[in-house]
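Worksheet: one structure, shown below.
Read-outs throughout are calculated quantities, based only on the coordinates presented, and are distinct from any laboratory measurement. Given the structure is predicted, the values throughout are model-derived calculations rather than measurements. Using ideal geometry, Cβ is built from the backbone for each residue, glycine included, and neighbour counts are taken over all protein chains shown.
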Amino acid sequence: MNAKITPSNERPIAVFDSGVGGISVLKHIHALVPNEQLIYVADSKHAPYGNKTPLEIQERCFKIADFLIAQDVKALVVACNTATAAAIDVLRLRYTLPIVGMEPAVKPAAAATKNGIIGVLATTGTLKSAQFAALLESYGRNVEVVTQACVGLVECIERGELNAKNTKALIRQYCAPLLAEGADTIVLGCTHYPFVRDVITEIVGKEVILIDTGAAVACQLQYRLTEEAIQSKRNQTASVRFWTNSDAINAKQIISQLWGGNADITQDNDFHID
Ligand code: DGL
């Protein structure tokens, strides 16, 4: 009779990615709505998503969403461009809670470029998707868009090798065609890439504008919470909890490093969902 029920607006918000990349988005969310309780899931055991088929990605997204919805979350953020492209439509068909996704920042880049040439760094899956083709159709018509799939870069970031020689070599290799075409604006079209923003700047030069969508996703989430009238009424900073299915011995250390402080992390072999 006296069962404790969490009021619907005090339930947590879930944020997930193929791995640790979505932490770059989580930081923007926590900064914008610090009173919202957050749960982050890193599906690192199955990263990268970039070379998986859309069906394989959808299957992972369903498992993660089921796990999170079982924890009574009030909204879901797909902090992954690749998963959004492959699965956002089917997720919205299956679940009724608000779901916020993301896409490479082609629109703001097209507005920011001075010479009309933009570069897009993303995963193979994102660049091959129908959603990305539609994005180019809508916003890339009046600019030259140079795309580059960054195979292997997500793995470097998953290992926490942000400044390693091999990471820098990959970034140099992938930025070269963009620079050769004269891109003055580069879209970081994967949530892992903001973690190597400094290295990218070092390679492409400070005058090249780098754009990611973390802040825009946080704003969109806040808008959806308001629209649904499910914003938290808490007046203090809420907890942020992390789940990872990585079995790396330094998985917790990498998450804390990327989060920028001590993090509350549960390392669990696939969150009991396989
Ligand atoms: N962080 C992801 C993205 O935004 C996916 C990277 C991957 O797993 O390939 O696209």
Extent along principal axes [Cα atoms of region 189-241; Å; largest to smallest] = 44, 23, 17
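Counting helices only, and only those DSSP H runs with n ≥ 4, report the 222 nm mean residue ellipticity of the chain as the sum of -39,500 (n - 2.57) divided by its residues, in deg cm²/dmol to the nearest 500.
Computed ellipticity for the chain at 222 nm equals -12500 deg cm²/dmol.
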Across the chain, how many lysine pairs, 8 or more apart or on two chains, come within less than 15 Å at their alpha-carbon atoms?
-> 5
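Can you give the FRET efficiency to the nearest 0.05 for S239 and S138, using r as the Cβ-Cβ distance and R₀ = 41 Å?
On the way: r = 38 Å, r/R0 = 0.94.
Step by step, r from the Cβ atoms, then E = 0.60.
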Hey, quick one: spin label on D89, modelled 7 Å out along Cα-Cβ, who in region 138-166 has an amide N within reach, i.e. under 20 Å?
-> 138-140
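Suppose a student asked you for the relative contact order of the chain, using Cα pairs under 8 Å spaced at least 6 residues apart; what percent would you report?
Numbers: 529 pairs, mean separation 74.8, N = 274.
Relative contact order of the chain: 27 percent.
According to the Cα gyration tensor, what semi-axes, each the square root of 5 times an eigenvalue, does the equivalent ellipsoid of the chain have, listed from largest to smallest in whole Å? Let's see the in-between values first.
Numbers: eigenvalues 191, 84, 62 Å².
Calculated on Cα positions only, the semi-axes equal 31, 21, 18 Å.
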Give the Debye-formula value of log10 I(q)/I(0) at each listed q (0.10, 0.13, 0.20 Å⁻¹), with one equal scatterer per alpha carbon of region 69-200, two decimals each.
-> -0.36, -0.59, -1.15
For region 106-123 and region 153-173, what is the separation of their Cα centres, given in Å?
-> 23
Along Cα→Cβ, 7 Å out, is where each label goes; now give me the distance between the ones at N51 and D247 in nm to one decimal.
-> 2.0
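Report the calculated FRET efficiency for Q222 and D264 (r = Cβ-Cβ distance, R0 = 22 Å), to the nearest 0.05. Write out the running numbers ahead of the final one.
Values: r = 23 Å, r/R0 = 1.05.
It comes out at approximately 0.45.
Mind ranking 99-106, 198-205, 223-230 by how tightly packed they are, going by the mean number of other C-beta atoms within 10 angstrom, highest first? Provide the component values of the computation, followed by the final result.
Working: 99-106: 23.6, 198-205: 16.0, 223-230: 13.9.
Ranking, from highest mean packing down: 99-106, 198-205, 223-230.
If you stretched the chain out fully between Q173 and K63, how much longer would it get, using 0.36 nm times the residue separation minus the C-alpha to C-alpha distance? Numbers along the way, then the final one.
Working: separation 110, 0.36 × 110 = 39.60 nm, distance 3.51 nm.
That pair, Q173 and K63, stretches by 36.1 nm at full extension.
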Based on the inverse mean of 1/r over its pairs of different Cα atoms, what is the Kirkwood hydrodynamic radius of region 1-123, in Å?
-> 15.7
